[in-house]
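Enquirer: Structure in structure tokens, see below.
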Amino acid sequence: MELRHLQYFVAVAEYLNFSRAAVHLYISQPALSRQIKNLEDEFGVVLFLRQSDGLKLTEAGKIFLEQAKNILNLSRVAIQSMKAYSINKGELLRIGYIPTILQSFLGETLHLFQLVYPKVVIRFQEMSPSEQVKALGDGVIDIAFMGNPPDNLEQEFTVKCVKQVPIAAVIPDTHSLAKHSSINLIELAFERFIGMSEETFPGRNDRILDTCHCAGFKPNLNLFADSHASMIALVAAGKGVAVMPKEAEALPDPKVVFMPLHHPIYYARSTAVWRKETPTKSLDKFLKILSSLGMAA
């Protein structure tokens with residue numbers, strides 16, 4: 001899959017008509033239809049329902065549309081940054097992030113930052129929380145977005161909450177509870193739970209245990225994923241269930257359901273972390289944007 005495939009998909013999703021989208025994209029309709037079919041075959045899901053009165057996005061298509069728009073927006077940010085770099089080689093901002101916060105918060109923040117400070121060059125890199133902590137300490141990145149931070153991080157770095165995210169249960173779409181509007185987490189007490197690798201997401205299993213403890217049971221953690229995407233894939237494969245921030249729903253998999261919890265009502269923090277030393281000019285500008293968007297203490 002290339003960026004042009006995302007552009008093709010977004011155009012078809014917006015026009016809900018292959019002919020009009022093809023005219024907009026300056027390609028033939030058969031070629032566009034073939035590219036969308038290739039995408040569906042690659043993902044193993046149907047993105048559009050072909051109906052007599054036109055096209056309709058499936059649920060998988062709606063999820064992918066949000067993803068595609070975010071990726072295209074970030075590609076535009078990257079292009080603008082490189083143009084700024086060629087003109088003004090002054091300020092550079094280096095950002096580490098986990099993919100869930102990219103979809104729910106960071107994409108919007110980067111877009112606003114680029115509008116206000118177009119001359120600052122942005123370099124952003126997806127990293128696990130443990131990689132982010134090392135990169136911050138080594139001066140490789142200026143700021144990290146890592147969801148719930150590992151314990152005791154405040155001793156070395158400044159840690160600020162940018163968003164509170166409700167925790168949801170993640171279950172296969174074939175689960176007996178998959179059609180419910182919400183559940184009590186204790187209904188999953190006898191299921192196998194999937195945790196997170198301590199090497200990549202230190203402290204995350206403690207929060208999983210806390211969430212389940214609030215519901216009145218101790219989970220059977222018997223399998224550990226090294227990323228949000230692999231955790232979702234394991235649930236989809238029927239290897240167990242999970243609890244994770246609802247913002248991870250932006251990582252699409254049509255075979256899982258993010259189920260709201262009516263007990264416990266439990267929140268995770270999405271945090272920004274940076275070194276305690278005086279920030280660079282570019283980081284100081286970025287922190288002002290974060291502050292304007294309601295970054296909490």
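Enquirer: Which of the numbered conditions does Ser181 fail, given that it passes all the others? Conditions: (1) within 25 Å of Ile265 (Cα to Cα); (2) open to solvent by less than 60 Å² (accessible area, probe 1.4 Å); (3) in a loop (DSSP other than H, G, I, E, B).
Expert: In the conditions (1) within 25 Å of Ile265 (Cα to Cα); (2) open to solvent by less than 60 Å² (accessible area, probe 1.4 Å); (3) in a loop (DSSP other than H, G, I, E, B), Ser181 misses (2) alone.
Enquirer: Run Leu49 past the list (1) in contact with a Ser or Thr (Cβ under 9 Å, 6 or more places away or on another chain); (2) within 20 Å of Ile71 (Cα to Cα); (3) surrounded by fewer than 18 Cβ atoms within 10 Å (Cβ to Cβ); (4) of a type in the set (A, V, I, L, M, F, W, C) and report the number of the one that doesn't hold.
Expert: (2)
Enquirer: Determine if region 165-173 includes at least one residue that is farther than 15 Å from Thr100 by Cα and open to solvent by 40 Å² or more (accessible area, probe 1.4 Å). Break it down stepwise before answering.
Expert: First pass over region 165-173, keeping only residues farther than 15 Å from Thr100 by Cα: 169, 171-173.
From what is left, the residues that are open to solvent by 40 Å² or more (accessible area, probe 1.4 Å) are 173.
Yes, some residue in region 165-173 is farther than 15 Å from Thr100 by Cα and open to solvent by 40 Å² or more (accessible area, probe 1.4 Å).
Enquirer: Can you tell me which residues in region 65-81 are open to solvent by 20 Å² or more (accessible area, probe 1.4 Å) and touching a strand residue (DSSP E or B) at 6+ places or on another chain (Cβ under 7 Å)?
Expert: Of everything in region 65-81, just one residue is open to solvent by 20 Å² or more (accessible area, probe 1.4 Å) and touching a strand residue (DSSP E or B) at 6+ places or on another chain (Cβ under 7 Å), namely Leu65.
Enquirer: Let me ask you something else. Can you name every residue in region 131-152 that is part of a loop (DSSP other than H, G, I, E, B) and of a type in the set (A, V, I, L, M, F, W, C)?
Expert: Val140, Ile141, Met146
Enquirer: Can you pull out the residues in region 229-243 that are assigned to a helix (DSSP H, G or I), open to solvent by 10 Å² or more (accessible area, probe 1.4 Å) and not hydroxyl-bearing (Ser, Thr, Tyr)?
Expert: The answer is Ala229, Ala233, Leu234, Ala236.
Enquirer: Quick check, is Lys255 surrounded by fewer than 19 Cβ atoms within 10 Å (Cβ to Cβ) and touching a strand residue (DSSP E or B) at 6+ places or on another chain (Cβ under 7 Å)?
Expert: When the stated conditions are applied, Lys255 passes them.
Enquirer: Still on this structure, please answer the following. So if I check each of Glu277, Glu198, Glu249, which one is closer than 30 Å to Arg94 by Cα, assigned to a helix (DSSP H, G or I) and open to solvent by 50 Å² or more (accessible area, probe 1.4 Å)?
Expert: Every option except Glu249 fails the conditions.
Enquirer: Check Asp138 against each of (1) open to solvent by 10 Å² or more (accessible area, probe 1.4 Å); (2) closer than 17 Å to Met196 by Cβ; (3) modelled with pLDDT of 85 or more and name the one condition it does not meet.
Expert: (2)
Enquirer: To continue, here is another question. Hey, can you tell me all the residues within region 97-135 that are open to solvent by 20 Å² or more (accessible area, probe 1.4 Å) and among the small types (Gly, Ala, Ser)?
Expert: Within region 97-135, Ser104, Ser130 qualify.
The values are calculated or read from the model by the stated rules, or taken from the named source; none is laboratory data. A quick note: this is a predicted structure, and the numbers were derived from the prediction, not measured. All Cβ positions, glycine included, derive from the backbone under ideal geometry; neighbour counts span all protein chains shown. With ligands, DNA and RNA removed, areas are computed over all heavy atoms of the protein, side chains included. Shrake-Rupley method; radii C 1.70, N 1.55, O 1.52, S 1.80 Å.
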